[in-house]
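Reviewing the structure listed below.
The values are calculated or read from the model by the stated rules, or taken from the named source; none is laboratory data. Every value quoted in this text rests on a predicted model; they were computed, and no experiment measured them. As a convention, Cβ positions derive from the backbone with ideal geometry for all residues, glycine included, and neighbour counts pool all protein chains shown.
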Amino acid sequence: MQKGIEINFYDLFRHLMKKWAVLLVFVLIFGAAANFYGYHKAEMTARRERQALEEYALSISTATEELPEYMTAELAELRGALTEEEASFVEAIAKLYMYRMWASDKINTELIVGEPDNGDLEIVQTLYYANEGVQSAIQVMTSAEKSYYNVLVKELSGTDMSLTEKDISVPGKIQPKWLIVGCVLGAFLGACLLATGYILSGKLRSSEDMERPYGIPVLAVVRTGEEEKLISVARGTVRLLKEKQMTSIAICAADTPGADDTRKRLAELLQKQGINVILSSCEPSSFIGDVAGASSVLFIEQIGKSRYRDIEYRVTACRNFCIPVAGCVVVE
């Protein structure tokens, strides 16, 4: 960063707002990446849970009704919509549900008849885990698996599970938590990178940066093609030159289209007022030779384009050779 140049946070904020499209790209990329990661993570977790639940369900001997020996047309149609792996998972959970019902009835009967023995206490413990397993399995079923599960359990137990079990939730394509985290992270990183580039770019950040470190008065801040301001600048420059009894001025502009167009138009306006205008090159090799014959120098610098090292060179050269600087026009 150029020595003596302060960071104006308001100008920094305005710079970030101008780069809103870049920030938006960062937000979209990081948001999409985080959402994909969250979805993949949730899907993998659900897959592991399903596998563990299926293994647990198959490890318990039901000693109750098995799956129907024949399938109704409705069951066959629902099963046909699933893969073999999905159907196996649903059938395992249906058996687990039947074990839960059998174990619950057995324990209730034992409590009525007499004290439960050690075997019954083991059933109670297993019943608890079976109940948790059924509830967890329901949470990771898809809608197609849910339909097959409800009809299958109804066939086995005569109970319509669609009226008693809570809704099934599976990992959605949109993961709100991860999406928000990704968007916030993308906005933060994008802003940090843009701010770092803004600070370290070595280019003119604001009109104040011409006045504070270099002591050059800013005559006007204009936009390309802003005719009324250029006319006012030309009138003020003519008045200033006449007060100091000067008849010529060298206009040195940054090597950018906006600054060059402003220089050409300002030169035309000054020449109409009878001022001898020298269009100076900003190249170090010819700058001194161009401005040496002028009574004063006018700089035209462009925000985000002019480099501090070039400005410092021109200002230092003018002071070393005692060439007065009339001021500066800053192009936004």
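Structure summary
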{"quantity": "Conditions (1) assigned to a loop (DSSP other than H, G, I, E, B); (2) modelled with pLDDT of 70 or more; (3) of a type in the set (A, V, I, L, M); number of the one not met by residue 67", "calculated": "(2)"}
{"quantity": "Checking residue 255 against (1) surrounded by fewer than 20 Cβ atoms within 10 Å (Cβ to Cβ); (2) within 15 Å of residue 332 (Cα to Cα); (3) touching a strand residue (DSSP E or B) at 6+ places or on another chain (Cβ under 9 Å), the condition it does not meet", "calculated": "(3)"}
{"quantity": "Check on residue 253, assigned by TED's automatic domain parsing to the domain that holds residue 230, in contact (Cβ under 8 Å) with a residue 24 or more places away in the chain and out of contact with any His (no Cβ under 6 Å at 6 or more places or on another chain)", "calculated": "yes"}
{"quantity": "Filter pass, residue 58 being modelled with pLDDT of 70 or more and either assigned by TED's automatic domain parsing to the domain that holds residue 146 or surrounded by 12 or more Cβ atoms within 10 Å (Cβ to Cβ) (or both)", "calculated": "no"}
{"quantity": "Residue satisfying all of: in segment 264-303; within 11 Å of residue 323 (Cβ to Cβ) and among the polar types (S, T, N, Q); surrounded by the most Cβ atoms within 10 Å (Cβ to Cβ) among these", "calculated": "280"}
{"quantity": "Listing of strands (runs of 3 or more DSSP E) fully contained in segment 220-332 that carry 1 or more residues being more than 41 Å from the chain's Cα centre (by Cα) and at pLDDT below 85", "calculated": "276-280"}
{"quantity": "Residue match in segment 34-54 (condition: within 24 Å of residue 182 (Cβ to Cβ), modelled with pLDDT of 80 or more and of a type in the set (D, E, K, R))", "calculated": "yes"}
{"quantity": "Residues that are touching a residue at least 60 places away in the same chain (Cβ under 8 Å) and assigned to a loop (DSSP other than H, G, I, E, B), drawn from segment 74-96", "calculated": "81, 82"}
